[in-house]
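Written below as structure tokens is the structure these notes are about.
The values are calculated or read from the model by the stated rules, or taken from the named source; none is laboratory data. Keep in mind the model is a prediction, meaning the values are calculated, not measured. Positions of Cβ are backbone-derived with ideal geometry, glycine not excepted, and every protein chain shown enters the neighbour counts. The area values use the complete protein model at the heavy-atom level, side chains included, leaving out ligands, DNA and RNA. Shrake-Rupley method; radii C 1.70, N 1.55, O 1.52, S 1.80 Å.
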Amino acid sequence: MDIPKRYEPKNVETQWSEWWLKNDIFKTTPNEEIQPYVIMMPPPNVTGVLHMGHALQDTVQDSLIRYYRMKGYEAHWQAGKDHAGIATQSVVEKELAKNRMPTRAELGREKFLEEVWKVVKRNDGVITKQKRALGDSADWSRERFTLDDGLSKAVREVFVKLYEDGLIYRGPYIVNWSPKLQSAISDEEVDHKEEEGKLWHIRYPGTDGSPGVVVATTRPETMLGDTAVMVHPEDDRYKNMIGKEVQLPLTDRTIPVIADDAVDRDFGTGAVKVTPAHDPNDFEVGKRHNLPMPIILDTSAKMCHPAPVRYIGMDRFKAREAVLEDLQEEGLLIREEKHTHAVGYCHRTHVPIEPYLSTQWFMKMKPLAGPALDKVREGEIKFVPRRWEKVYYQWLENIRDWCISRQLWWGHRIPAWYCADCDHVMVKRDDPTVCEKCGGTHLRQDEDVLDTWFSSWLWPFSTLGWPDQTPELKYYHPTDVLVSGYDIIFFWIARMIMADLYFTGQIPFKTVYITGMIKDKLGRWMSKSLGNGIDPLEMIDQYGADAVRYCLIVLNTPGQDIRLDPSRFEMGRNFANKLWNAFRFVASPASAILTDQLDRAEEILDELGASPNQVLSMLDFQGFARPEINGKIYDLIRETGVDHLEDRWILGRLIETIEEVDNRMEQYRLDDALMAIYRFTWNDFCDWYIETIKPRLGDDASIQEAGTTTRFALNMMEAIVRLLHPFMPFITEEIYQHLGNIEGRVLQEDRAQSIALAEFPSTEGMKPDKDAVADFNYIQALVSAIRNVRGELLIPPGKEAKLAILERDPHVELVQREWTTVKRLARLEGDAPDIVTEKPEKSATTVVDGAEVYIPLAGLIDFDAERARVTKEINKLEGMLLGIDKKLVNEKFVNNAPDDVVKNEREKQADFRAKLEMLKAHQEQLG
RNA sequence: GGGCGAUUAGCUCAGCUGGUUAGAGCGCUGGUCUCACAUACCAGAGGUCACUGGUUCGACUCCAGUAUCGCCCACCA
């Protein structure tokens, strides 16, 4: 067999990902006989590329999906893409500019949308391909797009239904306006940043020549749109002003002084300028007091008409300077002081939001919020980790209406028509041609589109065919878990829960698994401007997708941010390489031996004393996925007289590992699950098991022994790759298929086509052999102790040492029996340990499991080193013993602590004391 | 102004419902190209678990507070 010494992921990974796709390995179908396990993949932007956040979340999802698929579920991972209104539209606009094409405005709606579709079609498939390179085992045949016909139908249905139910309305309100996007955005799309700004005090003189009032503002430029000054009704300073008019500086207008208890008397001057069209509070005040609401900033936040002519066309910040300058000149700028306040920024374009009075579509959220809150409160939907539920509650409890209209072109156009003849508004499932009220035919559809999230909040059911009652909807819905970052709890997660409950009456998913966000090495967000991003594709190219996945899973504590440094991927690569070489080792003798065995089949079977079918089926590789066979394999091996301690030990460790993996997977601690597999593979299987069985495969071993040994080791290998497959799908598929080939003529028909479809190892009906585990642990401790002596005393590795054990040591028999192992691993000489009645002269002494063992040192080392080693050991022991002594002297501890804890401490005390005594005696001897 | 998280070895992080000799990877020190793997092996050093109190026989783990860093929410102009 041709197996490369170094594992090279590149070709292997591409090959398998194409093979999986070609063979429909991940395709699912509704099947009532099988339990479904479903995850909705958060749809990435159509024009997007894979970034580390995707890589993390996808790996988590894929590991879950693959795990449950192997556990026998119909595991469906629903993929798709989001049209991402604003993001996509600006990508296309930028591209037009770059290519010196006409602008959006020049092209007009229809032509522009054609351009967008061109870009979308060109990019379609890019991110999907990248996700496949990562190993995503989604059912790609069921991919959906938020703008495809089905989803558009769902969006339309939802809009009309909510309109009919009175939850969607249209009207003039203050919205968050992004001058850069030239569109309204929702509250959630505004980022607040604390900023050091200024508070300016401006005098509004009385119309009668009196001093008037001084107002304080952070936005002097908006004064040009003021229609009142308000003071607190009880404020003695201003009581006499209420009802009077003041002059609005820089204009020829006069405005009234009104009283409203929304005013905080202690802030600023206690007098507030009121700009109803450009401030949410002032808008409310304006409504209460019936004030005019002149709009003085246009959609680009430039000064416009009712403002005095000399300011018109000025950008808002430019206008601020001009206004301040002019006020200064007129002596009306009283003072300016520093003032920190929160400024809203457009989440996407990072320009300051302009509160702006405009007519938009809104959705009442309160009625939807109640049930969504209940489902989480009642535990029907659980967040992992739980603390995110608080964030969810807080948002829903204070939820405000959702501004859903956007002044964009790319998206679902609002299904509302206005009759030019009678102003009637129609919201319809099918495009109307005639006004239902006046019969007129001059209908005009609303120009705006819906917020992107208005389609994605339907994702868990719209992708499954809703509003039609499809078999998919019945079978896959509700889904099991949603995996996402905490950054879109409001945007998406909470809204999905609301929508699903409202429209299907079901929860969208049972669990919300919140991942952390990927940060750079210094804990900063990865961003293009900082240039600190790590490209997952580059990492896949360099280290392999398995390595990237390994790293991301291991670093991922639920809900905790991850500081990522590219060098971290080395651990994944190294682990893959380790696994590969372990496989190479157990596989290389396999072909030869097994072929030979089969050639001598009858003879061998005869020796084994079993019928051919029995033996073949029991030695079948499927063994470790079938617990009931597992034990029998071992029994059989033992019956043949090939009874090895290490086999029973590693089997025990495997059982423990499988149990731990299952347990940790249930808790969504994929990091722990993977670490358990890692430890088993590297520390137990590679470091101890393989090292121990080497003699059984060497030249001195019989074919029969080598054969059974290889069988057993290959079975272990198979168990390992199956355990590991959910996390590292490529290398495990590669090894699995190799194992299948090695098996050659034996029971091929029983093997799954892909490891992805093989059974996950189970421990059903199996228990670790406790005695074997204890015995092997002793051997490990013994070997480690000897190695420690060797290491500390700098005994050259090539030099073989001797081992002497006391006759009364209860482990004598065990050490004799396992001498081959001990000898090899500790590099000892002799055919057996020396059995002595007392300590040999000039020996290093170490204590293993309560008994001394000796390494005669004559000719090996100087005794100073041994003295130093023993002193170190004694100091350590004394420290530990001190703590235990203290506890046991304390009556309260002895009386109050549980018996087993006290017993445990007593045992430890005895052990440590004995060990200490032995070492001290030894130290004395050394002089 | 509320809320949340973090603070454990030089670095990045685990440590579940209080009792472990407080762990891992990387890095570091010493030794090995030992016939699966130098992307490796063996041995080792390194931590008053941010601080202060409290609860408890016992606290890295629970409670209160302090400090530093970070995040989210919030219409005081």
Study note, to complete from the structure: Flagged in the range A:514-558 as under 23 Å from A:G135 (Cα atoms), part of a loop (DSSP other than H, G, I, E, B) and among the small types (G, A, S), in numbering order, are A:G516, A:G533, A:G544
Check your understanding: Quick one: what pairs do we get from the range A:676-701, first residue under 26 Å from A:G572 (Cα atoms), second in a helix (DSSP H, G or I) and of a type in the set (S, T, N, Q), C-beta under 7 Å, 6+ apart or different chains?
Key -> A:A676/A:T657; A:I677/A:T657; A:F680/A:T657; A:W688/A:Q780; A:T692/A:T821
Point to revise | Boolean, A:E188 is within 29 Å of the chain's Cα centre (by Cα), within 12 Å of RNA strand B (Cβ to nearest atom), touching a residue at least 40 places away in the same chain (Cβ under 8 Å) and surrounded by 18 or more Cβ atoms within 10 Å (Cβ to Cβ) | key: yes
Practice item. Go through the range A:464-513 residue by residue and tally those that are of a type in the set (A, V, I, L, M), touching a Phe, Trp or Tyr at 6+ places or on another chain (Cβ under 7 Å) and not in a strand (DSSP E or B). Key: 6
Study note, to complete from the structure: Taking the range A:767-824 and keeping only residues that are over 17 Å from A:T846 (Cβ atoms), acidic (D, E) and in a helix (DSSP H, G or I), one is left with A:D771, A:D775, A:E813
Point to revise | Filtered residues of the range A:191-231 (kept if within 8 Å of RNA strand B (Cβ to nearest atom) and part of a loop (DSSP other than H, G, I, E, B)) | key: A:T218, A:R219
Check your understanding: When you look at A:G166, is it of a type outside the set (A, V, I, L, M, F, W, C), modelled with pLDDT under 90 and at positive phi, yes or no?
Key -> no
Point to revise | Residue check for A:D149: out of contact with any Ser or Thr (no Cβ under 7 Å at 6 or more places or on another chain), without any contact (Cβ under 8 Å) to a residue 40 or more places away in the chain, away from RNA strand B (no atom under 16 Å from the Cβ) and within 28 Å of A:I399 (Cα to Cα) | key: no
Study note, to complete from the structure: Among (1) farther than 23 Å from A:V116 by Cα; (2) in contact with a Lys or Arg (Cβ under 9 Å, 6 or more places away or on another chain); (3) hydroxyl-bearing (S, T, Y), A:S405 falls short only on (1)
Exercise for review: Mind telling me which of the residues A:E764, A:E800, A:E759, A:E807 ends up being within 16 Å of RNA strand B (Cβ to nearest atom) and open to solvent by 10 Å² or more (accessible area, probe 1.4 Å)?
Suggested key: A:E800
Point to revise | Every pair of residues 6+ apart whose Cβ atoms lie under 8 Å, when the first sits in the range A:762-785 and is over 14 Å from A:D647 (Cβ atoms) and basic (K, R) while the second is open to solvent by less than 30 Å² (accessible area, probe 1.4 Å) and modelled with pLDDT of 85 or more | key: A:K767/A:I655; A:K770/A:G652
Check your understanding: Residues of the range A:228-257 being crowded, with 21+ Cβ neighbours inside 10 Å and more than 25 Å from A:E325 (Cβ to Cβ), which ones?
Key -> A:M230, A:V231, A:H232, A:Y238, A:M241, A:V257
Check your understanding: Within the range A:35-52, can you find the residues that are surrounded by fewer than 20 Cβ atoms within 10 Å (Cβ to Cβ), more than 21 Å from A:L147 (Cα to Cα) and at pLDDT below 95?
Key -> A:H51
Exercise for review: From (1) open to solvent by 40 Å² or more (accessible area, probe 1.4 Å); (2) in contact with an Asp or Glu (Cβ under 6 Å, 6 or more places away or on another chain); (3) among the hydrophobic types (A, V, I, L, M, F, W, C); (4) within 12 Å of RNA strand B (Cβ to nearest atom), pick out the condition that doesn't hold for A:M526.
Suggested key: (4)
Point to revise | In the range A:668-684, the residues that are of a type outside the set (D, E, K, R), crowded, with 17+ Cβ neighbours inside 10 Å and near RNA strand B (Cβ under 8 Å from one of its atoms) | key: A:Y678
Check your understanding: In this structure, is A:T846 within 16 Å of RNA strand B (Cβ to nearest atom), touching a residue at least 60 places away in the same chain (Cβ under 8 Å) and either open to solvent by 70 Å² or more (accessible area, probe 1.4 Å) or touching a His at 6+ places or on another chain (Cβ under 8 Å) (or both)?
Key -> no
Exercise for review: Taking the options A:D831, A:D864, name whichever one is outside any loop (DSSP other than H, G, I, E, B), open to solvent by 70 Å² or more (accessible area, probe 1.4 Å) and not aliphatic (A, V, I, L, M).
Suggested key: A:D864
Practice item. Quick one: which residue in A:K338, A:K382, A:K366 is open to solvent by 70 Å² or more (accessible area, probe 1.4 Å) and either within 14 Å of RNA strand B (Cβ to nearest atom) or at pLDDT 95 or above (or both)? Key: A:K338
Check your understanding: Of all residues in the range A:696-722, how many are more than 10 Å from RNA strand B (Cβ to nearest atom), surrounded by fewer than 17 Cβ atoms within 10 Å (Cβ to Cβ) and not aliphatic (A, V, I, L, M)?
Key -> 2
Point to revise | Leading residue by the ranking (least open to solvent (accessible area, probe 1.4 Å)) among those in the range A:265-308 that are part of a loop (DSSP other than H, G, I, E, B) and within 8 Å of RNA strand B (Cβ to nearest atom) | key: A:G270
Exercise for review: Could you please find all residues in the range A:118-142 being assigned to a helix (DSSP H, G or I), surrounded by 13 or more Cβ atoms within 10 Å (Cβ to Cβ) and not β-branched (V, I, T)?
Suggested key: A:N123, A:Q130, A:K131, A:R132, A:A133, A:L134, A:W140, A:R142
Point to revise | Which numbered condition A:H350 fails, given (1) within 15 Å of RNA strand B (Cβ to nearest atom); (2) open to solvent by less than 30 Å² (accessible area, probe 1.4 Å); (3) at positive phi | key: (2)
